[in-house]
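The values are calculated or read from the model by the stated rules, or taken from the named source; none is laboratory data. The shown structure was predicted, so the numbers you read here are calculated from the model rather than taken from an experiment. Backbone-built Cβ (ideal geometry, glycine too); neighbour counts: all protein chains shown. Side chains included, ligands, DNA and RNA excluded: accessible areas come from the protein's heavy atoms. Shrake-Rupley method; radii C 1.70, N 1.55, O 1.52, S 1.80 Å.
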Amino acid sequence: MRKTYIFIFAGGIFLALAFLFFIVGKSTEGQGAHLYRNSDANISKINLTVFYTVPKDKMPYDFETVMASLEPALEEASAFHSLQFVDKSWIQYSIYPTVLKLERDSFFYDTEDTSRGNPNALASITEEIKDNNLIVEKKGEFTVLGIIYEGLGAAGALSEDSKLGSFILSRDFITREEYVLSRSALLYHEFGHTLGIPDLYDLDTGEAFTSDIMGGGRQEPLEANYIEISTLKEMGVL
Ligand SMILES: [Zn+2]
């Protein structure tokens, strides 16, 4: 009699495990996250390369000092990403090992208008890095380019063909004392745009529509941040 109970009990556990394996396993298996509102563009693995770039007419800031702040910011941003995307997307980052001296003077990159985060510098420096074959693309991975700029900048964008994301962030945001608590959030905010995620605040007044990382949270420490559920749903996470 006792043996029968043990047998039924073991059989029950087996069925439960089989159920979990097939039903739960299948629902997450092979379904990585994707770009915002673009289910064809998988972002299970993101290959991010970050450059510290300096226009020809500018003096670079101390490279070791920039790295000492950039490395922890990237580490925090990458941990935040894995957590928010419940491991359906990972960032693998690397930092270009020296200062990247740009070919032109600041004026060329900045043009006359540096408002709205200096998108001109973002576009022209992205082109320059691409033209110099400094982007290593890895098969099956989504490529993102991070530009720390000796000048003004805070912007992120996705290329028209949705193949390359790139963001720019002023070196000031990385090294200056007043940004110590918010620098990784600012970095992640701009990185978020490279995946197609839109701003969730009013660009003219600064008024936030949400308190997540794409809204008011961009100026708050990353450990207190989150990504809106509605955004994650548009990226195949939930
Ligand atoms: Zn933004």
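Given the structure, is Gly217 of a type in the set (Gly, Ala, Ser), outside any helix (DSSP H, G or I) and within 13 Å of the ligand (Cβ to nearest atom)? Taking the combined requirement at face value, the residue does not satisfy it. Residues in region 63-97 that are among the aliphatic types (A, V, I, L, M) and not in a strand (DSSP E or B): Val66, Met67, Ala68, Leu70, Ala73, Leu74, Ala77, Ala79, Leu83, Val86.
Residue under question is Val144, and the condition is that it be β-branched (Val, Ile, Thr) and open to solvent by 30 Å² or more (accessible area, probe 1.4 Å); does it hold?
no
Among the residues of region 176-214, the ones that are within 11 Å of the ligand (Cβ to nearest atom), part of a loop (DSSP other than H, G, I, E, B) and touching a strand residue (DSSP E or B) at 6+ places or on another chain (Cβ under 8 Å) come to 2 in all. Scanning region 61-72 for residues that are open to solvent by 50 Å² or more (accessible area, probe 1.4 Å) and not acidic (Asp, Glu) yields a count of 3.
Per the listing Ser166, Ser162, the residue uniquely surrounded by fewer than 22 Cβ atoms within 10 Å (Cβ to Cβ), away from the ligand (no atom under 13 Å from the Cβ) and among the small types (Gly, Ala, Ser) is Ser162.
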